[in-house]
Amino acid sequence: MTRHMVTTVDNPFNPFTDWDEWDAWDRMNGYHTTSFFARIIHTSDELSEADQDLAYEQAVDEIVRENVTGMYRKVAEPEASAA
């Protein structure tokens, strides 16, 4: 299953490969995407891992679908390169 994250259209960093830089840039520019995401996701420790993964994907999709400011986009996890 391909994993996704939400980012802003102007963030030059990839949240999968450059998390610290991505998060610092996001907060410095006042987006606080991780806090926004936390308010949107509906999850619980009572859910199975599969249901938590589904809730995560649904939250990403909701943010992108209801993208009032036009700032958010969905990015896929980069595929691992063959060694």
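The values are calculated or read from the model by the stated rules, or taken from the named source; none is laboratory data. All values reported here derive from a predicted model rather than from experimental measurement. Cβ placement follows ideal geometry from the backbone for every residue including glycine, while neighbour counts extend to all protein chains displayed.
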Self-check item: Hits in region 34-66 (condition: of a type in the set (S, T, N, Q) and under 22 Å from Ala24 (Cα atoms))
Solution: Thr34, Ser35
Quiz item: Which condition number in (1) at pLDDT below 95; (2) out of contact with any Lys or Arg (no Cβ under 7 Å at 6 or more places or on another chain) is the one that Met5 fails?
Solution: (1)
Self-check item: Scope region 33-55; condition free of Cβ contacts under 8 Å to residues at least 24 places away in the same chain and surrounded by 13 or more Cβ atoms within 10 Å (Cβ to Cβ); matching residues
Solution: Thr34, Ile40, Ile41, Thr43, Leu47, Gln52, Leu54, Ala55
Quiz item: Yes or no: Arg73 among the basic types (Lys, Arg) and farther than 18 Å from Thr2 by Cβ?
Solution: no
Quiz prompt | Residues that are in a helix (DSSP H, G or I) and not polar (S, T, N, Q), drawn from region 25-49 | solution = Trp25, Asp26, Arg27, Met28, Phe36, Phe37, Ala38, Arg39, Ile40, Glu49
